[in-house]
Amino acid sequence: MEGKTELDFLEQILPLVKKPARYAGGEWNAVRKDWETVEYRVAFAFPDVYEVGMSHLGLQILYDIVNRRSDTLMERVFAPWTDMEEKMREGGLPLFALESRRPLLDFDMVAFTLQYEMSFSNVLNMLDLAGIPRDSGRRTDGFPLIVAGGPCAYNPEPLADFIDVFVIGEGEEAIGELLDVLIKLKRQNVSRQELLFESARLPGVYVPSLYRVFYHEGGRFSRIVPSLDGVPERITKRVVRNLDSAPFPERPIVPSTEVVHDRIMLEVFRGCTRGCRFCQAGILYRPVRERKPETVLKQAAGLVQSTGYEEISLTSLSTSDYSQVRKVVKSLLDKHACQGLGVSLPSLRADNFSVELAKEVQRVRRSSLTFAPEAGTQRLRDVINKGVKDEDLIEATGAAFREGWKAVKLYFMIGLPTETDEDLDGIVRLARAVLTLGRKAGVPRGRLRVTISASSFVPKAHTAFQWEPQTPLAELQRKQDYLSERLKEKGIVFNYHDAGLSFLEAAFARGDRRLGAVLARAVDLGCRFDGWSEHFQLDRWLEAFRLTGLDPEDYANHRYAYDEPLPWGHIDTGVSRQYLVREHQLAMAGLVTGDCRTESCPGCGVCTTLEVEPVFAGGD
Amino acid sequence: MMYEKVGPARFISHLDLLRTFGRAARRAGLPLAFTQGFNPHPKITFAAPLAVGISGEAEFADLELTEKIPAPFVARALSDALPEGLRVLEVRQLKGAGPALMAMVRSASYRVEAKTCGPVTAGELKDALGSFLSRQEILVERKNNEGKKVLYDLRPGIFVMSGRLDNDIIKIEAELKTGSSGNVRIEEVLEAFLKSSRLPVQGGYALFRNNLYTVAGKEKKMLWQT
């Protein structure tokens, strides 16, 4: 392209859309392989805009694995923003991958990652834009295989009509095995049906078209069974045994335009031992596997050199829990601070926050401080098994203010099981207490800021709260108003999400296969980018439900009995049902369960079922 | 430093360009000087911001290092660490602080390629350009700092403008006032021209900035020659 004055259609529309860098490609470390030298071509599809998708570590990991192989290539595609979509539709330009600019139709596989339910509409819209039939049954031999993975694949049913192959769990090893099989079959030129059947025999692979779903007469889900011999009844998630030896992208792509997480993301461990009862990631990514500090430091040094980033984020579900966090942060800064490198830690816990650690982190750049107490009273925090105490939070924020931080963020959830207005009052009390601490520490009034963020609880599949109904929409809105009225104070900023969005998220998070029809309707009605407040329209979704003859409340607000079949019951996280039932009962009794890092094994079953063990890097 | 910003890199915004050079320098192991403060950024100043989407064929920037390193080495190392479409063409070491590049720029030359969607003859193009340039003033709407619409006369800022036809592509060359003492953007000129001439042109056009000029004494000079 360089120096060429080609005025093809894409070149003509790029100057006319917002942030054309989203579609331009050519970033540092992007891999543009010779199309003809490989046997199998994969497009990694992220169903959101470029800046969000490029912040996703999983993309970088899989991109590296597939492009390292000599027989395969992977390119990237993101959901075009609405202005670009309009231009593409006007000019009949099909959805294309960034590296080769080839249409998705040219690829053997299009692999979507499902990070949040509200991106499902974009999955369908991207298929539409690519000229690929939405329904898997209508895709004949020549069409790319549509694959999906990521956390939302753990309840795959709402997308079952549209996806050929789901990969459940961690993809590092599964992708290679799947590619090996697909390449072999491509050489043999087998039918699509045979290809699907062979894929379904791989561990961790779910091919929804090979299963039949039954419903009770009243309409509720009854059971799901394989329709062919040799197709597994249950699909168990894939898990990487050891993170130190797992494939790791040494040369991740560095976007040329600012993205959401515009920094090195170095995963220090996977999984979480805390056992918060609302948290789906806490179940899906079990068991905990820490990287050795030597590995982290070596990888960090390589990444600083290969990316040139000015900041490194040590990522995980709860980085302050990492056994060697202090040692690693200090070593990183001792070595790289002179190059202008800053270190950031997402999601700190108030109960093991240390001022020394926070001070280390701000040696180069001061990042904001965020804590997630999740609930306003000790009673409710015990129900959700979030061990943090009021005193922890007071101590942590007090120390932060004294060390010079002027703003802290506190994340809460509303609508949690058993919540009353007293728990909401607890949020208000905590917010004010933290504000007072800031004033006492002498933070100037104009600069002191306590941000309270309240999201609405969404019961998720595979968690201890999977049987719980979501609080009705109107009640969620009342709770938001309740807090809003009481948090009107100088220095306090109150943020909350659209409760309607959480309501829909809840419907899809525990949805069954029938929701596919709703999704298709909604996309036809214009739904896309539902995670973006400027695009989300509850009315259109409700209309889609109405036209399909389904009620979102039957999904979002339904309380499942323990013995009721669950639409995601055939997907196995390795965590036992008995453990989840016990956790749910303990929650209702307000009793906590210990951390398996420091206390006895609570017996979730993941280690025995998956034949893995937690890996700890040794404590300080 | 003189560099090229073409291909996919022409969509890198001004702010992102600063970040991109900072990261490239770190990849190249060059000891860039950083500003002080909680969010240090590399000490790079660009001669004249280039709008997103325009290819820059000879762009200029000053960058400050903390150590003395031979200029050709800096050029090569930095070039090798830049993403597709960005390339360092030459680096020269400044003798002393000197005037800021930004204050020196007076004009810039551009090349435009626009695809026609109907028949145009060379004569029609010539006439259209002639009548456009013969206008006393060419008023366009701009927004001032308060967001209010104000009229701005482009004509004094259009120093040179010519054009020719290459099959179905109209090629225009122009030299426009650029810099802190006044700025005329090529997109404004082109839009005003296409609007008044009613030439049949479709969609976007390819825009190139091929040089930046300053004035030394009474003489116009390439920024690089001073």
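Read-outs: derived from the displayed coordinates by stated rules, not from any lab. A quick note: this is a predicted structure, and the numbers were derived from the prediction, not measured. A quick note on method: Cβ atoms are made from the backbone with ideal geometry, for glycine too, and the neighbour counts reach across all protein chains shown.
In the range A:9-236, what % of DSSP beta bridges are antiparallel (nearest 5)?
30 percent
Can you return the aspartates and glutamates within cross-link range of residue A:330? Criterion is Cα-Cα under 19 Å, with same-chain partners fewer than 8 residues away left out.
Here the aspartates and glutamates satisfying the reach criterion relative to residue A:330 are A:267, A:290, A:294, A:310, A:311, A:321, A:356, A:360, A:403, A:620.
If amide H atoms are built 1.01 Å from N in the plane of the peptide, which residues on other chains or at least 5 residues away come under 5 Å of the amide H of residue A:323?
Amide H neighbours of residue A:323, under 5 Å, 5+ apart: A:617.
Would you list A:356, B:173 from fewest to most Cβ contacts within 10 Å?
Listed from fewest to most nearby Cβ atoms, that is A:356, B:173.
Charges at C-beta only: +1 for Lys and Arg, -1 for Asp and Glu. How large is the resulting dipole of the range B:105-225 about its Cα centre, in Debye rounded to 20?
Using only the charged Cβ atoms, the result is roughly 340 debye.
Taking amide H atoms as placed 1.01 Å from N in the peptide plane, list the residues 5 or more away in sequence, or in a different chain, whose amide H sits under 5 Å from that of residue A:261.
Here the answer is A:55, since their amide H atoms fall under 5 Å of that of residue A:261.
Structure shown: which of A:389/A:440; A:335/B:43; A:292/A:335; A:409/A:479; A:298/A:386; A:409/A:440 lie over 27 Å apart, alpha-carbon to alpha-carbon?
Result: A:298/A:386 exceed 27 Å.
Out of all Cα-Cα pairs in the range B:2-98, roughly what percent, to the nearest whole number, are more than 16 Å apart?
53 percent
So in the range A:114-247, what percent of DSSP beta bridges are antiparallel if you round to the nearest 5?
For the range A:114-247, the DSSP antiparallel bridge percentage is about 70.
When A:462, A:535 are ordered from fewest to most other Cβ atoms inside 10 Å of their Cβ, what list results?
Ascending number of Cβ neighbours within 10 Å: A:535, A:462.
Output the relative contact order of the range B:2-98, whole-number percent, from Cα pairs under 8 angstrom with separation of 6+ residues.
Answer for the range B:2-98 is 42 percent.
When the Cα centres of the range A:37-53 and the range B:94-141 are compared, how far apart do they sit, in Å?
The range A:37-53 and the range B:94-141 have Cα centres separated by 40 Å.
Add -39500 (n - 2.57) for each DSSP H run of 4 or more in the protein assembly as shown, then divide by its residues: what number comes out at 222 nm, to the nearest 500 deg cm²/dmol?
-9500 deg cm²/dmol
Eigenvalues of the Cα gyration tensor times 5, then square-rooted: what semi-axes does that give for the range B:91-212, in whole angstrom, largest first?
Value: 29, 19, 13 Å, ordered largest first.
How large is log10 I(q)/I(0) at q = 0.05 Å⁻¹ when the Debye formula is applied to the Cα atoms of the protein assembly as shown, each weighted equally and without solvent?
-0.32
For residue B:201, list long-range residues whose amide hydrogen, built 1.01 Å from N in the peptide plane, is under 5 Å from its own amide hydrogen.
Distant-sequence amide H within range of residue B:201: B:117.
Please turn the phi angles of the range A:525-534 into ³J(HN,Hα) values with the Karplus equation 6.51 cos²θ - 1.76 cosθ + 1.60 (θ = phi - 60°), one per residue in order, whole Hz, x for glycine and proline.
7, x, 6, 6, 6, 5, x, 9, 4, 6
Fewest Cβ neighbours within 10 Å first, please rank A:319, A:418 accordingly.
In increasing order of surrounding Cβ atoms, one gets A:418, A:319.
Would you mind calculating the relative contact order of chain A from Cα pairs under 8 angstrom and at least 6 residues apart, reporting the percent as a whole number?
Here the relative contact order equals 14 percent.
Can you name the helices of chain A, as whole DSSP H runs, whose Cα span along the helix axis is 27 Å or more and whose Kyte-Doolittle mean is not below -0.5?
The answer, listed by residue number, is A:421-440.
What are the ³J(HN,Hα) values, in whole Hz, obtained from phi via the Karplus relation 6.51 cos²θ - 1.76 cosθ + 1.60 with θ = phi - 60°, for each residue of the range A:227-241 in sequence order, with x given for Gly and Pro?
The phi angles translate into 9, 9, 5, x, 9, x, 6, 10, 10, 9, 4, 8, 9, 8, 5 Hz.
Could you go through the range A:370-386 in sequence order and give the Karplus-derived ³J(HN,Hα) for each residue, using 6.51 cos²θ - 1.76 cosθ + 1.60 with θ = phi - 60°, rounded to whole Hz, and x for Gly and Pro?
10, 10, 10, x, 6, 9, x, 10, 4, 4, 6, 5, 5, 4, 8, 6, 9
Which net charge results for the neighbourhood of residue A:39, defined as the other residues with beta-carbon distances under 9 angstrom from its beta-carbon, given Lys and Arg at +1 and Asp and Glu at -1?
It works out to a net charge of +1.
Which residue, B:138, B:157, B:123, has the largest displacement toward the positive end of the dipole of the range B:105-225 when charges sit on each Cβ (Lys, Arg +1; Asp, Glu -1)?
So the residue we want is B:157.
Give the percent of DSSP beta bridges with both residues in chain A that are antiparallel, rounded to the nearest 5.
The antiparallel proportion sits near 20 percent.
Would you list which lysines come within 16 Å of residue B:177, measuring only between C-alpha atoms, while excluding same-chain residues fewer than 8 positions from it?
Once the sequence-local lysines are set aside, what remains near residue B:177 is B:218, B:220, B:221.
Could you list log10 I(q)/I(0) for the range A:9-236 at q = 0.10, 0.13, 0.15 Å⁻¹, which the Debye formula gives when each Cα is one point scatterer?
Taking Cα atoms of the range A:9-236 as identical point scatterers yields -0.45, -0.76, -1.00.
If pairing requires two Cys Cβ atoms under 4.7 Å apart, which cysteines of chain A are left without a partner?
That list is A:152, A:272, A:338, A:527, A:596, A:601, A:604, A:607.
Compute the separation of the alpha-carbon centres of the range A:590-620 and the range A:426-496 and state it in Å as a whole number.
Spelled out, the Cα-based centre of one part sits 31 Å from the other.
What percent of all Cα-Cα pairs in chain B falls in each 10 Å bin, counting up from 0?
Calculated over all Cα pairs of chain B, the distribution is 7, 29, 32, 21, 10, 2 percent.
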